[in-house]
Protein chains: 2
Amino acid sequence: MQIAILLYDGFTALDAVGPYEILSRIPGAEVVFTAARPGPVRTDMTSLALTADAALGEVTAPDLLLVPGGPGTADVLADRSTLDWIRRVDETTTWTTSVCSGSLLLAAAGLLTGRRATSHWICLDDLPALGAVPTPERVVLDGKYATAAGVSAGIDLALHLTGRLAGDETAEAIQLVVEYDPQPPYSTGSVTTAPAPLVTALRASNLIVGAAA
Amino acid sequence: MQIAILLYDGFTALDAVGPYEILSRIPGAEVVFTAARPGPVRTDMTSLALTADAALGEVTAPDLLLVPGGPGTADVLADRSTLDWIRRVDETTTWTTSVCSGSLLLAAAGLLTGRRATSHWICLDDLPALGAVPTPERVVLDGKYATAAGVSAGIDLALHLTGRLAGDETAEAIQLVVEYDPQPPYSTGSVTTAPAPLVTALRASNLIVGAAA
């Protein structure tokens with residue numbers, strides 16, 4: 001089973017690495033990081049680069065596609081060749097998935113038309129213009145399309161997918177391997193639990209460099 | 001404020017990237033990934049490399065040191081030059097921290113003698129031989145030393161550290177930015193909640209390539 005994770009300048013690291021840490025541990029999984037050009041690809045915070053080992057053209061038939069989000073999404077929305085690649089490989093995937101604003105790219109590729117999808121909370125309102133039905137849940141499955149909310153939600157998404165791909169027992173084992181027993185020190189991880197003034201302040205700030213245009 | 005994240009062959013990606021995603025968003029933080037040799041450093045699962053932008057010798061006085069874990073820990077335990085570097089930069093850090101089996105490296109460097117520390121559940125029993133007091137909690141703070149349990153626990157650790165470094169309001173905001181409102185699909189993330197046969201099977205398996213020797 002080949003799992004392709006798309007990289008592009010300005011993606012958010014955890015969007016890609018959270019799911020990677022889970023999915024790469026599925027027995028028989030082969031993960032390939034791919035980008036327009038192979039080599040190091042800088043994240044949104046610029047102090048980290050992940051290596052893309054394959055050019056997009058070398059990845060033609062992954063079983064699972066994962067598209068992370070990040071501020072770089074804005075540029076990829078205007079990059080026809082990458083959107084074409086997403087659309088082309090989707091023709092034969094078993095699962096086409098995204099984290100954070102990555103769902104805007106799936107939608108822009110025409111894959112989420114009329115489908116329920118989620119995204120980073122600050123991007124949810126951008127989905128309808130791209131044809132998708134915004135659904136403010138942490139993980140949304142609609143057919144073979146699976147989308148996750150912002151950044152850290154990719155870990156939950158990947159565990160759900162692992163259950164579907166390899167069975168609950170394997171997913172349960174991997175959850176223990178990565179000791180995923182989260183204990184967030186604050187209750188501000190969601191717009192439904194964070195204080196309204198914090199949400200308003202973040203909408204107006206530049207702290208969310210991970211948000212799409 | 002300089003934050004140094006140590007990379008070495010066979011580290012676990014999420015150990016480093018989970019904290020990075022939080023800590024790099026602290027206003028004024030400058031993160032540097034560092035390794036014995038600059039360039040791409042392969043993770044335990046081998047299908048991903050993160051770029052180390054600086055050699056260890058170029059990073060002399062970080063304010064915060066973070067040491068990830070992974071199966072590569074076993075080799076670093078025998079690598080005197082890296083342990084010497086950890087000990088040297090610790091002399092001036094404000095915080096010296098680890099995720100997963102990274103605490104074995106701090107202990108081997110002599111920094112956790114008599115101190116409470118945690119680690120991946122499969123490595124906890126290795127701490128006493130290195131002088132530390134194993135403490136099966138998700139995040140353990142003892143003086144300026146902060147250790148996290150396995151892999152995903154680095155996210156919780158980093159939010160705690162952010163609260164100490166930049167105040168609760170900043171940490172709360174970053175938690176919302178990365179939408180850290182975890183909803184694990186299974187309850188197997190901890191040895192205290194996972195079925196005993198699963199824990200036993202994993203101890204005997206090779207599924208935990210993230211465990212130290």
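Values quoted throughout were computed directly from the atomic coordinates according to the rules given, and no laboratory measurement underlies them. Everything quoted here is computed from the prediction, not taken from an experiment. Ideal geometry is used to build each Cβ from the backbone, glycine not excepted, and the neighbour counts take in all protein chains shown.
Side notes on the structure shown:
- Shape of the protein assembly as shown from the C-alpha gyration tensor: prolate (a/c of 1.5 or more and a/b above b/c, with a ≥ b ≥ c the square roots of its eigenvalues).
- Sum of -39500 (n - 2.57) over DSSP H runs of 4+, divided by residues of chain A (222 nm, nearest 500): -9000 deg cm²/dmol
- Sum of side-chain charges, A:Ala49 neighbourhood, beta-carbon under 12 Å (Lys, Arg +1; Asp, Glu -1): -2
- A straight chain from A:Gln183 to A:Asp142 at 0.36 nm per residue would run longer than the Cα-Cα distance by 11.8 nm.
- B:Val31 sits among other residues whose Cβ lies under 12 Å from its own Cβ, and their net charge, with Lys and Arg +1 and Asp and Glu -1, is -3.
- Mean separation of Cα contacts under 8 Å, 6 or more apart, over the residue count of the stretch A:2-204: relative contact order %: 19 percent
- Each Lys and Arg Cβ is given +1 and each Asp and Glu Cβ -1; about its Cα centre, the protein assembly as shown then shows a dipole of about 20 debye.
- Placing +1 on each Lys and Arg Cβ and -1 on each Asp and Glu Cβ, with no other charges, gives the stretch B:2-204 a dipole about its Cα centre of roughly 440 debye.
- Where GluC sites (Glu not before Pro) fall in DSSP loop in the stretch A:105-213, at most 15 other Cβ within 10 Å: A:Glu137
- Here B:His160, B:His120 are placed in order of increasing Cβ neighbour count within 10 Å, fewest first, which gives B:His160, B:His120.
- Of the DSSP H helices in chain A, those whose Cα atoms cover at least 30 Å axially and whose Kyte score averages -0.5 or more: none
- Summed residue charge, Cβ within 10 Å of A:Pro62's Cβ, Lys/Arg positive, Asp/Glu negative: -3
- Considering only the protein assembly as shown, percent of DSSP beta bridges that pair antiparallel, nearest 5: 30 percent
- DSSP bridge pairs, chain A: antiparallel proportion in percent, nearest 5: 30 percent
- Cα gyration tensor shape for the stretch A:97-198, rounded if a/c is under 1.5, else prolate or oblate: oblate
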